[in-house]
Structure formats: structure tokens, C-alpha cells
Amino acid sequence: MSNKNNAIFTIAVLASVILIFTVADLFRGDRIFSETENRLLAQRPEFSAEELLSGSYTSDYEKYVTDQFVGRDKWIYVKTKTDVLLQKKEINGVYLGEDGYLIEQHLPQDYTDGQVDKRLALLEPLIEEWDAAVMLVPTADNILTNKLPANAPYYDERELLERAAQLAGEDRYVDVYAALREHRGEEIYYRTDHHWTSLGAYYGYQAWLETTGMRPYPYDVENMRTVDREFLGTLQSKINLNWKPDSIRYFPETAKGPIKVTYDLQRETDTIYEEDYLNTKNKYGFFLDDNHAFVEIDTPYRLDKTLFVLKDSYANSFIPLMMPHYQKIYVVDLRYYNGKLFDLMEQCEPEKGMDVLVLYNCIHFLEDFDYR
Amino acid sequence: MVFSSVIFLFRFLPIFLICYFAAPRRMKNIVLFLGSLFFYAWGEPIYILLMLFSTVVDYVNGRLIERCRGSRRAVIPLAASVVINVAVLCLFKYSDFLIGTVNDLAGTSLPLLQLPLPIGISFYTFQTMSYTIDVYRGDAKVQKNILDFGVYVSMFPQLIAGPIVKYRDVSEQLHDRPVDLYAVSHGAGRFCIGLAKKVLLANSIGMLWTDVSGRNYQEISMLTAWLGIIAFAFQIYFDFSGYSDMAIGLGEILGFHFPENFRYPYISASVTEFWRRWHISLGSWFREYVYIPLGGNRKGLPRQLVNILLVWMLTGIWHGAGWNFLFWGLWFAFLLVLEKLFLGKVLSWLPRIAGILYTLVTVLIGWVLFAVETPSGILGYIRAMAGVGGLIDGNALYLAGEYYILLLIALAASTPIPRMLAERLQQKKTSPCIAVCRLGEKVIPAALLVLAIAGIVEGSYNPFLYFRF
């Protein structure tokens, strides 16, 4: 090849990289939502002279073009693969742990004592006025410490738990931390998702029995039913690498007998498990139909006892295990419920009174626990 | 608009280049001027007027100097040019710093102006001043065509992050420049390498500095502190020299030859040498238009030392209106004076590696002044580097594990070794070597381009570091 042809060839290669993607980008459609990133993508901004002069039009337009760029998911995959090649053990807030465990990163500097004070202060009236039991579930980074990358930093939730235990007292504090630590060799967290598994929830249930002194229901750990073997959860989405999927399992004992579930006072069904979710990306939504502001469960057990749960999504796989102990279970997710909490509780409370349970994972508790 | 963005690579650049190469030779400057205005206005829709004002003012001053040629009155338009440029720079860049200082010293509470800093203002005011000064001295011919002059000031490749191109370096090319295939192909490759330096190295390693700098310096170990500041040193080098590579490459594509701006600064064996290798266009600007007019080294040692002090204070605050930048400049002035007095001699007796280590340590301390900004933070950080918070902890080991490969790549890339290996390969005339070279010339820039695009689209961390320049 002559020098001249050589130069032309170099130009052609680089120019075609730019031109191919430019043209391809001009012919793609806009997307609203990115499933892999689990977020809304920027849309074409409306033009106005004012926004143009302030500079916000052009910066919004850049966000729009970048978010909608052709093959965005594949580009992100290339970038992630490069990070893996560079031996990075943390990608997009997810640790690539041992044994294929993806573990969500919570940095110590992101959580302050002030936050702990504030959330515990909100917990206090529930303990004093409603005698609420407190179940704060540690996240995987605090339990599966041996699976974290060497020396990886994580927010130590033990101080929060100790203070919560002091506040609630022995009769009300459920020591999930100890229970999960004891079983940390088992599959108590999903490898690809930030939730605990039904087995993890079962050990939480045992801790709850210990605190409340209730008679255990004989769940059979050996005979859990598997409903899905292709679960790739939120953490796999964040890194978007090919990963070995999880299985979703549940205790078949919790699907026995006539059950009535009412979602948000509107939709009634006869099961706490929604199989439709198994065909979507959000398979964890199988448990209690994902998240609702208010759920009422009439269990098959005629016990004349009522439970009122304040919770995050960790509770969705736990609540089924509580059914043998109550006839009626109310479930409130404070992230979606806008009314006055104590008014609602008074309305729900039968004459005989009810048990109250606060169930959050520690991080959601610090970030989200709030009510009017 | 910045180069490392989807909007530049896949909207502005292809459209602009198609127009530019489709245009007949005499129309190329119009295309370049309009393209550059669009490029600048995209990020600074209002301040484009300021740039145009600066252009017109110095165009007129240049013409006036030419008209007064031979008479003493020529100094008036020259003075006007310098005063107006410096005043514009002071107003937009330094007014709040000065007001704040007055408030602190006199206990007054004068309101701050809070003007946002126009991007690139420090670059283009310096460029236009070099023009009027050169015309006054007779080092450059006056430019009568306002379009050609407008192209010089606004040219998008070096507009927002340098290099600072002196007018006389490009005056011929402004008027007329041929399209040269070899230059286009070379420039395109250079652009890709610059883009990769910015996106793949600077941005990735910058995350390490962002992590460390956000911590409480009382609690970080010595290793963490060193890892952090080394990461910053790599970040600013690859970011800045990457921008320069992109500017020089784009210039070549358009037919310009811009001066080199960086020559492997981290292999310098003295601070004096470092400043001959780092941001060369700024150093040579200050040398030519401040240091030498002040007398340079021709008026005795005491005067030379004062001149060094002055020039490096200016160099310091050129990088940002803040005390830390002033101290950063003074730190180098101090080292340069030491080297002039005796340290330079001592270093010349020692093996080169000792000089390199001394330079790296002093430059890293300099980067602490540059990057940390508050006095208490700077002291805390330097104490951490000295080992007050312990030598090594788990956190440092974690960070080292996360970044060691990237740090090694950055280390290799900041030395001339990769280039020397490539050149050695090129000199071998055997046919497999030639084939490897030919292939590498195309595949490496293209591969870097693709990886850089991935980094840009993912876009989790892509800062513009020169917003204070």
C-alpha cells in the first residue's frame, strides 16, 4: 500500500466509526425507560428562547442525546467489561463478591449519626404508644462479610441495631442480625438482587418467634417450592453483565387454604403470590404483588388476632410466614402511603388490640423511614 | 461544548467537517468561524458577545498600532489592548476574589458580583494580547481581514482549553492552508489518542481522587493519601494533555500546526525542567510577554529572582482565582529560586533518578495545594501524606486493589516508553514489522475511539476541569 492510500485508509476507518454511529443515531426511536439502568431516560427538551439564553436548553439537549444514543445499553456493557478487565471489584455501586455474590455498596461516609438519631426518634412513638416490635434486617454487606472483596468498605449497621435494641427493649427487639449471621453460609440473600431470600426471611421469622415467644409453625425448609430459576435482580441490572441467575422459592405451606388479599382497598385476589411478575424483569414482585401503600390480608386461620406491619420490600417475602399466627394482617408501605399513620392505625385496630411490627432493612430504614 | 461528549462527536464534528471540506478554499474560514461561534455559543450563549467584543477590540487596536507605526502614539492602542484584556479578565475572573479579600481584610461587606466565569476566557484574552504585542514589536504583520482574525480568536479546537497559540505561529495558515491528506490522517489519529487519554485514563483515575478527596483527612492513612494525590496528578495530566492532543489533532485536520503543549512532564529531573515540559504554551507566553520584558536574567541575580517570583504568582492565579492557586505558584517560584541558587547544581551531580523523585514529590505537594483549596484541608492532607494517620490500612489496600492496573497503565503512558517502542518497531524494515505498524496505526486509534465512546455514553464521571482557568 502506498503512503497515500495508507493515509486515506486511516481516515476512512476513523471517519466511518463516527459516521456510522451518527447516521444510526439519527434513525433510532426515543425510549422512555431503560430496563437495564432501571431509570427514566432524558427526553427531547422543549425549545424556548429563555432556556436557550440561560444555557439550560443546550445542557438538557446534551443529556437527551446522551441518554438516547444508539446502542446505549451495549456501550455501557463495553464500559463495564473494560472495568472488569481492569480488575475492578466495584462497578456502579455493586461489589463483585466471592462465589458469584453481587452485594450492594453502602459507604460509611454516606450515613451519619444524625440520620440514625432522626429515624430512631420516629420509631420511639411507635414503640411507646403501640408497643411495636422492631425488626431491622441487616443488608448483605453486613452479613456476608466474608464474600465482600478484600478490605471493601461498608457501613457497619451494628451501632444502629444496638441503639434500636436499647430503644425497643428485649421484649420487642427482634435480633435478625444474630440469626442471619448464624446462617450466613446458606442462601439467605439473592446473589443478583438486594433482597433476602425466603430462606433468609425464614431465619428472620425464627428470630421473631424467639422474641415474641409464639409457637412455631412447622415450616419445612427441605421442601420449599421453586417457581423460577431465571431471576436476575436489581444488582445484576446495575452492572449488566452476564450472571448466573437466582431461583425464587417460597414455602408452599403459605399458599394453603382460602386467603383474601385486598390491595389499596380496591383489588381483591385469593393469593399472596402473583405469578404474572415471574414473566417480567421484576420477579421479586411475585411476593405480595410488589409494593402497595396498603394491603389487607385475611388469612385462613381463625385466631381473632390482628397484625399491623410497617415495612419496606424486605417484608414482602416475610409476611407470608406470619399468616398462621394472625387472622388479619394489615401492611403499610410508608413510601406510598400519604395519610396520617396513627389515624389509619386507630381505624384498623380491633377492640382486642393488635400487634404492630416495623420491618425494614437497615438501609431503607435510614433512607426512607418516615410518616406523618 | 466539550470534545468528550456525544453532542460533539456525533453531531457537531461530522456536520462541521463535511461543510468544511465541501467548502471551496476561500470559504473555509467562514465555515470555521461560524462553526466556532456555534461551538462556543452552545455552552456560553451570552458570553459569546464578550468573545466577539474582545475580537473586535484587538482587531481595531492592531490596525491602530499599524497606522501609528513609527510614532510614539503606537503605544496607546497597545496599552488599550492590554488594559482592556486584563480588565475583562479581572472583572469576570478575579472581581469576587478581590472583593472577598477586601471584605476579609477591612471587615467590610461589599456585595460579590457572582458573575459566572466565561469558559476559555483566560485562553483567548492571552491569545489576542499576544497578537497586539507582536504587531507592536513588529514580530507579526497586522491582520486587515477581520474574518481571518476572528478565526484566530474563536477557532474551536483550542478555544476552551488551549494550547495558547501565538498569533505569529499561525498567521500564514490563517490566510490560506491546503488540505493535506497526511496531516488529516495524522490529526485524526492524534485526536483519538487525546480522547482516550481524557476519557479512559483521566476520567477513570479521577474517580480515585474524588473518592479520597471527599474523606476526612484526619482518618486516612499515608498510602491512601499518596494514592489519592498520585491519582490527581495523573488525572490532570491526562485530562489536560488529552485536550491538547485533541486540539492539535483537530488543528491538523483543518490544516493548522499548533505548538506542542506537553512533553512527558513527569520524567523531569528538576522543577525547572518540569515547567519546560508542562503546559508549554502558557510558560512560553509568560516568559515572552512578562518575564523577558521585566528584564529576565539580564539585570542581575536579585532582579531575576524577583522576576521569577512575579511570573509564578501570575502563573498561579491564572489557574484560578483563589489563594491556593497563588500559593501553588509561589511554591514553584520557591523551588525554581532554590534551583537557580544551588539546588540545580546539586541535582546535576546526582543520578537522574534522584532528580526525578525530587521533582515528583515536590510536584505532588504542589498538586495538593492546587486540588485541595482550603488551608486546613491542605495541611491535613500533607500531614496524612507524612504518615500522621498511620502508614497503611485496609482502605488503602482496597483502593490499591481497585486501581493498580489503571495506575500502572497511566504510569507507562506518562513516559515516552510506549512511543519509543513504537518507533523502534517502525525503524525495523522487515515486512512483518511494517505490517504490524501499518495495522497498529489504524486499529489502535479506532479501538481507543470505540472504548472512549463507551466511556462517554456511560458517562458516570466526565468532569470539565478548566472551569476556573
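The values are calculated or read from the model by the stated rules, or taken from the named source; none is laboratory data. Treat the numbers as computed from the prediction; the structure is a model and nothing was measured. With ideal geometry, Cβ positions are generated from the backbone for all residues, glycine too; neighbour counts draw on all protein chains shown. Just so you know, the surface numbers come from the protein's heavy atoms only, side chains and all, with ligands and any DNA or RNA stripped out. Shrake-Rupley method; radii C 1.70, N 1.55, O 1.52, S 1.80 Å.
Overview of results
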item	result
Contact order normalised by residue count of region B:6-177, Cα under 8 Å, 6+ apart, percent	29 percent
Debye-sum result for chain A in log10 I(q)/I(0), which assumes one identical scatterer on each alpha carbon, at q = 0.08, 0.11, 0.12, 0.13 Å⁻¹	-0.50, -0.86, -0.99, -1.12
Two-decimal ratio, region B:311-406, of alpha-carbon radius of gyration to 2.2 N^0.38 Å	1.29
Area hidden from solvent between B and A (accessible, protein heavy atoms only, 1.4 Å, total, Å²)	4100 Å²
Heavy-atom accessible surface of the protein assembly as shown: percent carbon and sulfur, 1.4 Å	59 percent
Dmax and Rg, reported as Rg then Dmax, of region A:3-99 (C-alpha, Å)	18.5, 55
Normalised per residue, the volume of the convex hull around the Cα set of region B:220-299 (Å³)	131 Å³
Simple Cβ-charge dipole of the protein assembly as shown, Lys/Arg +1 and Asp/Glu -1, about Cα centre, in debye nearest 20	6360 debye
Size-normalised alpha-carbon gyration radius of region B:384-469, reference 2.2 N^0.38 Å	1.62
Principal axis box of region B:247-376, alpha-carbon based, largest edge first, Å	46, 37, 34
For A:48-54, mean number of other protein chain Cβ atoms within 10 Å	1
Three principal axis lengths of region A:184-282 [C-alpha, angstrom, descending]	44, 39, 24
Shielding score for A:73-82, defined as the mean number of other chain Cβ atoms within 10 Å	5
Quarter of Cα convex hull surface for region A:232-372, i.e. mean projection, nm²	9.4 nm²
Cα-based Rg of region A:133-242 normalised by 2.2 N^0.38 Å, two decimals	1.18
Percentage relative contact order, chain A, counting C-alpha pairs under 8 Å, at least six apart	15 percent
Placed amide H near A:Phe294: partners under 5 Å, 5+ positions off or other chain	A:Asp264, A:Asp333
Coarse-grained scattering of the protein assembly as shown at q = 0.05, 0.07 Å⁻¹, given as base-10 log I(q)/I(0) from a Debye sum over alpha-carbon atoms	-0.38, -0.69
Alpha carbon centroid spacing (whole Å) that separates region A:236-302 from region B:1-28	54 Å
With eigenvalues of the C-alpha gyration tensor scaled by 5 and rooted, chain B, Å	35, 31, 23
Evaluated at q = 0.13, 0.16, 0.17, 0.19 Å⁻¹: base-10 log I(q)/I(0), Debye formula over Cα of region A:30-157	-0.86, -0.97, -1.00, -1.06
Residue-averaged beta-carbon neighbours from other chains (10 angstrom radius) around A:22-35	1
Magnitude of the charge dipole, chain A, Cβ model with Lys/Arg +1 and Asp/Glu -1, debye to 20	1560 debye
Kirkwood Rh in Å, taken over region B:6-177 so that all alpha-carbon pairs contribute	17.5 Å
Whole-number D in µm²/s for region A:224-278 (Stokes-Einstein; Kirkwood sum over Cα pairs; 25 °C, 0.890 mPa s)	182 µm²/s
Dipole of region B:6-177, positive direction: furthest Cα of B:Ile7, B:Val86, B:Asn145, with charges on the beta-carbon	B:Asn145
Volume of the Cα convex hull of region B:316-469, divided per residue and given in Å³	203 Å³
Length gained when the stretch B:Leu115-B:Ile353 is fully extended (0.36 nm per residue, less Cα-Cα span)	81.1 nm
Using a Förster distance of 22 Å, the FRET efficiency for B:Lys144-B:Ala23 (Cβ separation, nearest 0.05)	0.50
J(HN,Hα) series, region B:80-88, from Karplus relation 6.51 cos²θ - 1.76 cosθ + 1.60, nearest Hz, glycine and proline x	4, 4, 5, 5, 5, 4, 5, 5, 4
Rg/Rh ratio calculated on Cα atoms of region B:189-243 (Kirkwood radius)	1.11
Electrostatic dipole magnitude of chain B [Cβ: Lys, Arg +1; Asp, Glu -1; Cα centre; debye, to 20]	1560 debye
Residues A:Thr145 and A:Asp73, FRET efficiency given R0 of 30 Å [Cβ-Cβ distance, rounded to 0.05]	0.40
Rounded D (µm²/s) - region B:1-93, Kirkwood Rh over Cα pairs, Stokes-Einstein at 37 °C, 0.692 mPa s	209 µm²/s
